[in-house]
Every structure is written in structure tokens, then in C-alpha cells.
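Report on one structure; see the data block that follows.
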Amino acid sequence: MTRTLIRGGLVVTATDEIAADVLIDGEQVVALATPGSGLAEAFASDGTATVLDATGRYVIPGGVDAHTHMEMPFGGTVAADTFETGTRAAAWGGTTTIVDFAIQPAGGSLREGLDTWHAKAESRCAIDYAFHMIMSDVTEASLKEMETLVGAGVTSFKLFMAYPGVLYSDDGKVLRALQRGADTGGLIMMHAENGIAIDVLVEQALARGNTDPRYHGEVRHALLEAEATNRAIQLARVAGAPIYIVHLSATEALAEVTQARDAGVNAFAETCPQYLFLSVDDLARPDFEGAKYVCSTPLRPAEHQAALWRGLRTDDLSVVSTDHCPFCFTGQKDLGVGDFSKIPNGVPGVETRMDLLHQAVLDGRIGRRRWIEIACATPARMFGLYPRKGTIAPGSDADVVIYDPAAVHVLSARTHHMAVDYSCYEGRPVTGRAETVLSRGRVIVDGGQYLGSAGDGCFLRRDTCQALR
Ligand code: URP
Ligand code: ZN
Ligand code: ZN
Ligand code: ZN
């Protein structure tokens with residue numbers, strides 16, 4: 001059992017900022033000691049503890065990314081990061097927990113999907129991981145299974161109002177899943193876009209010869225995100241269930257969430273760094289480069305960003321996840337040359353979330369504690385992992401990052417660790433970086449060196465949503 005003392009840093013959690021030493025015994029934090037209390041000295045007195053100096057740095061909980069798709073089969077190909085490469089990249093970026101999406105196979109059971117994803121992730125992950133379940137086929141049988149999954153620690157279920165013929169559920173299915181969510185404690189997560197209407201616009205665009213990546217953004221209209229968001233919320237109210245809207249990108253959709261929350265509805269929403277930092281201008285890049293930025297919901301005109309930042313301040317947006325779903329530009333994104341609807345949807349980002357959000361701390365758009373709240377604590381609470389994950393407190397897992405708020409580095413595919421051949425933020429300088437990363441008490445990244453190994457990460461059985469307690 002290793003014992004570690006992290007000395008001299010500023011411990012930042014969602015609720016506190018205190019100059020304190022962090023005492024770690026084995027896999028857990030055992031105490032926070034204020035300098036001068038003598039506690040840290042006593043802890044280290046027998047010489048067996050490893051001492052890490054965090055002077056001038058923040059000591060923060062490891063990031064919790066509640067939305068990733070490692071090696072996800074999608075759009076005729078498979079997301080480029082495996083559980084091994086993707087979780088290692090996450091660790092490099094200061095994220096120590098992911099919640100990935102297992103998928104119910106067409107015509108199969110939730111259990112089959114879960115078993116398949118367990119087999120992919122087992123013994124491969126660098127950090128701890130959990131699963132949500134994508135329900136692609138809402139049937140009597142799969143609705144019944146939800147209870148078993150909740151008991152197995154898979155306590156959230158994603159449904160799609162988009163992608164007709166693939167992952168789509170109609171309103172009746174959505175309602176039934178929400179009702180079952182209310183009964184079992186399973187939280188329904190919604191991909192809220194009107195997929196039926198979008199498919200009509202896709203067909204019309206292609207018929208006009210509008211085949212470039214930028215049309216992906218035009219056909220996935222902001223109003224069709226807002227309409228589906230509203231519909232999802234009303235269905236949740238009818239079912240008496242809370243709802244969590246994933247990857248929200250449009251001002252109009254946020255307005256629906258805000259209005260519902262103001263009326264006391266338990267509607268929650270996440271956004272992602274790509275919607276906060278990128279725009280349709282990226283989607284319109286020439287020579288098919290826009291394909292790098294094709295994801296759903298799509299990037300919006302830059303004006304939407306201010307609304308999203310405001311939503312993060314008011315808590316109408318309570319989580320920032322990445323929706324990490326990387327496809328290489330060469331060999332994957334190019335499946336859609338001449339037809340934007342064939343570009344695999346998704347962008348890489350699991351490694352860059354903590355640093356990108358830190359830029360907003362530096363320019364005052366969010367506070368330091370709010371940074372930790374949206375990136376660590378609330379995702380952990382929303383998905384039943386708190387306080388094991390998402391904070392630094394006695395009894396919490398020692399998933400701790402020594403974060404240098406002044407380190408400047410440049411985001412680039414040449415230096416990132418994600419298994420994808422481009423960065424959405426190529427050449428962008430950022431200030432702040434994860435210097436040392438501990439996962440359950442073990443140092444896995446330290447000063448530019450990776451010290452962990454595949455299989456360090458454990459599957460996390462989650463409790464039900466803690467955001468309503
Ligand atoms: O474009 C995206 N978001 N790809 C991943 C699948 C999803 O809808 O989350
Ligand atoms: Zn989605
Ligand atoms: Zn996703
Ligand atoms: Zn870097």
C-alpha cells in the first residue's frame with residue numbers, strides 16, 4: 001500500500017479553496033491537513049510516504065467525463081480511440097473517470113450490449129470507467145431489463161430522437177422509457193434533435209447538390225434541437241421523471257431548459273467544449289476540412305457561445321462533457337466526401353476538456369470552483385459517483401491532479417495522445433496543464449511521463465442520480 005503526501009498546493013473543489021496538504025493512504029484520501037497543524041508531518045514521519053510538492057499549483061479532483069464513445073461503431077466505421085488509448089489520453093489531460101456508452105445491439109438485449117462493452121473495456125483502461133446504456137430498441141423486454149441494469153450499476157439510459165432507422169426512438173418509446181426511468185431510478189439522457197425532420201432536410205440539401213460538410217450544420221437546424229428538447233422535457237414531465245439533455249449546443253434549446261428549470265422541472269443539461277470554443281466557421285473550412293468538425297448536435301454560429309457560457313454560470317447547463325467520439329480525417333471522415341451525411345459524426349476531446357475550461361477561469365467567465373463543479377463534482381453527482389469521485393475529501397478515491405495553472409502549451413495532433421490524426425484546436429495555445437495525475441492513489445502521469453498501464457482502471461458500479469437529493 002502506497003502512502004502519498006501532496007504538499008503546499010491550493011486544494012480546489014466545487015465548494016472550497018484551501019491551502020492544504022492532501023494525505024493519501026492506499027487508494028483513498030484520508031485527510032486534508034492545514035499547514036502548521038502538524039498532521040502532514042506526523043503522516044510523513046516514518047519516511048514511508050511519497051511526498052509530492054504542489055507549491056504554486058492547484059490540487060484538484062481528477063476530471064469526470066460523463067460522455068465518451070471509445071471504439072464506438074458508428075456511421076460505417078469505429079471510433080478511433082480504443083478504451084486503452086482513449087483512457088490514457090484522458091489521464092494525460094487530467095481526467096480520471098469516464099462514463100462511456102454501451103449500446104444495445106439491434107434486436108438484442110441491454111445485457112448483451114453491456115457484456116460486449118465490458119469485454120472491450122476490461123483490463124484495458126488507464127483510469128476508472130463506468131457505463132451508460134444506449135437503448136436502441138425500446139421493447140417490453142428492454143424496458144423490463146432497465147431494473148437489472150440499475151442494480152448492476154448502470155443507472156442511466158440514453159435515447160435518441162435523432163438518427164431514424166439506426167438509434168431512433170419515437171415519442172411513445174421515449175415516454176415509456178421515461179416512465180420506467182421514474183420507476184427504477186434510471187436517469188434518461190436524451191439526444192434531442194428532431195431526426196425525422198432533419199432527414200427530410202438532408203435529402204433536400206443533397207438533391208440541390210449541397211454536399212459539403214457545412215450543410216451538416218444547416219440541416220440540423222437549431223430550432224429542431226429546441227423543438228426536440230422541449231418535447232423531451234414535456235414527455236419527462238408527463239412521466240414524472242427527471243431528464244438530462246446531452247450535448248446541448250443551441251441558444252434556443254437552452255432557453256427550453258431554462259424555462260423548464262425556472263418552472264421547477266427536474267431538467268438538466270450538459271454542453272461540450274466544442275460548442276463553447278468552435279463554430280460553424282470551422283464547419284465551413286475549405287477542402288473538406290470542415291468534416292473534422294462534424295458532430296451532432298452540430299456546431300452553431302459563434303453567437304450561441306455567449307448563451308452557453310451564461311447557462312454555465314446560471315447552472316441551466318450543469319455539466320461539461322466531451323462527447324469524445326474521434327474519427328480520423330484520413331480514412332474515416334473522408335467516407336463523406338461528396339455527401340456530408342456520410343461523414344461519421346463525432347469529434348475528439350477527452351484530453352483537452354480540463355485545459356480548455358481553464359481558459360474560462362483565466363478570463364473570468366467562470367470561477368475556479370465552478371470549473372471543478374462542472375467538470376468533476378456535478379458529473380459525479382449526476383451519475384451516482386459522488387463523493388467517491390469528483391471531489392477531494394476523506395474517504396474519496398485518491399483521483400487527484402496537481403494542476404499547474406501557469407503552464408503554457410499548444411494543442412496539436414502532433415503532441416496529443418488521442419489516437420486520431422487531427423486536433424480541433426490545432427495550434428491553439430492554452431494556459432494550464434495537468435502536471436501529475438493520481439488514479440486511486442497511484443501516480444499515472446508525472447511531468448510529461450506516463451507511468452500507468454492498461455488495466456489500472458476499474459469498472460465503477462454507479463449509484464442512481466444524486467442531483468435530486
Ligand atoms: O456526433 C456525435 N455526437 N457522435 C456521437 C454519438 C452521439 O450522438 O452522441
Ligand atoms: Zn448524441
Ligand atoms: Zn455522444
Ligand atoms: Zn498538451
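Read-outs throughout are calculated quantities, based only on the coordinates presented, and are distinct from any laboratory measurement. Here the structure is a predicted model, which is why all the values come from computation and not from measurement. FYI the Cβ positions are ideal-geometry reconstructions off the backbone, even for glycines, and counts take in every protein chain you see.
General observations
- In terms of overall dimensions, region 62-382 has a Cα radius of gyration and Dmax of 18.2, 51 angstrom.
- The ranking of LEU362, LEU283 by Cβ neighbour count inside 10 Å, starting from the fewest, reads LEU362, LEU283.
- Helix 353-362 axis versus longest C-alpha principal axis of the chain: approximately 70°, rounded to the nearest ten.
- Measuring nothing but how far apart in sequence close Cα pairs (under 8 Å, 6+ apart) lie, relative to its length, region 40-120 scores a relative contact order of 26 percent.
- Cα centroids of region 117-174 and region 313-329: 19 Å apart.
- In the frame of its principal axes, region 136-184 has Cα extents of 30, 16, 16 Å, reported largest first.
- Taken over region 322-390, the alpha-carbon convex hull comes to 128 cubic angstrom per residue.
- For region 88-225: rounded, prolate or oblate by the Cα gyration tensor [a/c cutoff 1.5]: oblate
- Helix 195-207 and the longest principal axis of the C-alpha atoms of the chain enclose an angle of approximately 70°.
- Annotation: peptides 250-256, 344-350, ranked by per-residue average of other Cβ atoms within 10 Å with the highest first, follow the order 344-350, 250-256.
- Relative contact order for the chain: 22 percent, from Cα pairs under 8 Å spaced at least 6 residues apart, divided by residue count.
- Residue-averaged 222 nm ellipticity for the chain, from DSSP H runs of 4+ at -39500 (n - 2.57), nearest 500: -9000 deg cm²/dmol
- The alpha carbons of region 288-361 stretch over 41, 24, 17 Å along the principal axes, in descending order.
- Under Karplus coefficients 6.51, -1.76 and 1.60, residue-wise ³J(HN,Hα) of region 323-340 in Hz, glycine/proline x: 6, 3, 8, x, 10, 5, 5, 8, x, 10, 4, 6, 4, x, 4, x, 7, 4
- Interchain or long-range residues, amide H under 5 Å from PHE327's placed H: ALA80
- Once the Cα atoms are used to define both axes, helix 110-121 deviates from the longest principal axis of the chain by about 50 degrees.
- Global dimensions of region 211-272 from alpha-carbon coordinates: Rg and Dmax equal 12.7, 43 Å.
- Looking at region 238-294, none of the chymotrypsin sites (Phe, Trp or Tyr not before Pro) sits in a DSSP loop with at most 13 other Cβ atoms within 10 Å of its own Cβ.
- Neighbour counts of C-beta atoms inside 10 Å place LYS173, LYS144 in the sequence LYS144, LYS173, starting with the fewest.
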